């Protein structure tokens, strides 16, 4: 509550909008940082929101109001394209949404425009776009409902009573869909009856109230059962995002964005409906809009926490990446090291994390060796004719990238191996990279060490891009050499190696 208390002491420095949301947050016990409040204010432009609502009543539909409806229609078209409500796309146009409702009310109360009137054309197009968006939202809700069904099956197993388990969620989806339909009817019918029907449905299931029960998941904890939506999201057992990420072996960015998007869309649809209702039914005021805005601000705060958690938590390691590696080994269609490295790296890049990686693939007939400080430091798997190596950067590396580069260039870029009585040069190379020597090098550098006695044509590698550093999370080179002296003479062998920091 530190930021909120600090803000409370400086009310004279706060806008009316931030004071309103902060007051609601304090009543709800919701922590919202000053930064998040500022971001919300900048996105919504509340001054413009107020100005738009001041112009709702009049006896003529102005060209400016027709243009406003066009703008809202274009925004909704964009939302249809992405298939959901998105707060930062809708936010700046909440004022115009209220204006659209005001125009509908003006037409019903004062005007009888002709059928070819531009305003009717725009309202018709807006209804079409909103209907298309509603259909896309239904698909989003189906994903959420399917997820909840799956989790309830895992939790209650044989004792399943889905009708009871999903009552609150079904109430939300049915109520929101119904209210959405009656809202669009006011645009096409433009009659007092259509407004009265919308008001009747709204009063039975206000979006501001539905938000509090929209993501109900069954829990044996009575405290959870009575909590509102965002309180449920703060607990892992009732958070769809947390469950989805737990079920994703690679903790992928796609899964994270899908579920944060669905949850945001739930709140933003409620905001759209509440804003339209406030414009169409002036007596209900702005309290409902402000309550939903407060919950959206809290949601943004939670999403930042989830973002920070997943970017810095390695729950995908090692099991998730090991599964990726095993699946690649077993994929018979991947026949070359180039094919394998492409699929491997695509999987690694999908992980939602700040950790960085090396990936290496080579045929298993080549000479290679490695050293690990501990078992989970890297994954090295030799199967089906190929060696696959994946290294994940250390949270607190013993050696810096810069120190590795400097020291490696001094000691390892040119190495020597001598066996005067050996006739097979490859035996000299293999003996040089015996495990004891490799372990000694790894311990000296304080790093994971992986070495291959071959040139770049036989070793495929990828590594995470790091600004100002072109060697990945450590040091990597194809340009090292081993000078081998044996009974026939001397030869120079290309060496690939990497150290992980």
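Structure values in brief
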item	result
Candidate set from region 351-384 (those that are under 26 Å from the mean Cα position of the chain (by Cα) and assigned to a loop (DSSP other than H, G, I, E, B)); member that is nearest to residue 428 (Cα to Cα)	356
Where a residue in region 438-466 is outside the structural domain of residue 354 (by TED's automatic domain parsing) and closer than 18 Å to residue 416 by Cβ and its partner, wherever it lies, is surrounded by 15 or more Cβ atoms within 10 Å (Cβ to Cβ) and modelled with pLDDT under 95, with Cβ under 9 Å and at least six apart	none
Within region 394-501, helices (runs of 4 or more DSSP H) holding 2 or more residues that are buried (at least 17 other Cβ atoms within 10 Å of the Cβ) and under 39 Å from the mean Cα position of the chain (by Cα)	401-411, 435-445
Neighbours by Cβ (under 6 Å, 6+ apart or cross-chain): first from region 187-216, assigned by TED's automatic domain parsing to the domain that holds residue 292 and more than 29 Å from residue 70 (Cα to Cα); second at pLDDT 85 or above and crowded, with 20+ Cβ neighbours inside 10 Å	214/266
Test: residue in region 148-166 that is at pLDDT below 85, under 18 Å from residue 263 (Cα atoms), in the same structural domain as residue 191 (by TED's automatic domain parsing) and exposed (fewer than 14 other Cβ atoms within 10 Å of the Cβ)	yes
Condition check for residue 219: at pLDDT 80 or above, touching a helix residue (DSSP H, G or I) at 6+ places or on another chain (Cβ under 9 Å) and either farther than 28 Å from residue 291 by Cβ or part of a loop (DSSP other than H, G, I, E, B) (or both)	no
Test: residue 391 is more than 24 Å from residue 494 (Cα to Cα) and either at pLDDT below 95 or surrounded by 15 or more Cβ atoms within 10 Å (Cβ to Cβ) (or both)	no
The one condition in (1) more than 25 Å from residue 27 (Cβ to Cβ); (2) at pLDDT below 95 that residue 317 fails to fulfil	(2)
Among the candidates 279, 285, residue that is on the phi > 0 side of the Ramachandran plot, touching a helix residue (DSSP H, G or I) at 6+ places or on another chain (Cβ under 8 Å) and in the same structural domain as residue 45 (by TED's automatic domain parsing)	285
Search result, residues across region 341-369 that are farther than 30 Å from residue 307 by Cβ and either touching a helix residue (DSSP H, G or I) at 6+ places or on another chain (Cβ under 7 Å) or modelled with pLDDT under 95 (or both)	361, 362, 363, 367, 369
Flag for residue 232 being more than 16 Å from residue 32 (Cα to Cα), surrounded by fewer than 22 Cβ atoms within 10 Å (Cβ to Cβ) and either in the same structural domain as residue 91 (by TED's automatic domain parsing) or at pLDDT 95 or above (or both)	yes
Filtered residues of region 250-271 (kept if more than 10 Å from the chain's Cα centre (by Cα) and farther than 16 Å from residue 312 by Cα)	262, 263, 264, 265, 266, 267, 268, 269, 270, 271
Helices (runs of 4 or more DSSP H) wholly inside region 24-139 that include at least 2 residues being loosely packed, with under 14 Cβ neighbours inside 10 Å and at pLDDT 85 or above	34-44, 63-82
Residue check for residue 364: surrounded by 12 or more Cβ atoms within 10 Å (Cβ to Cβ) and more than 22 Å from residue 472 (Cα to Cα)	yes
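The values are calculated or read from the model by the stated rules, or taken from the named source; none is laboratory data. Predicted model only: the values in this text are computed from it and were never measured. Methodologically, a virtual Cβ is constructed for each residue, glycine included, from the backbone with ideal geometry; neighbour enumeration extends over all protein chains shown.
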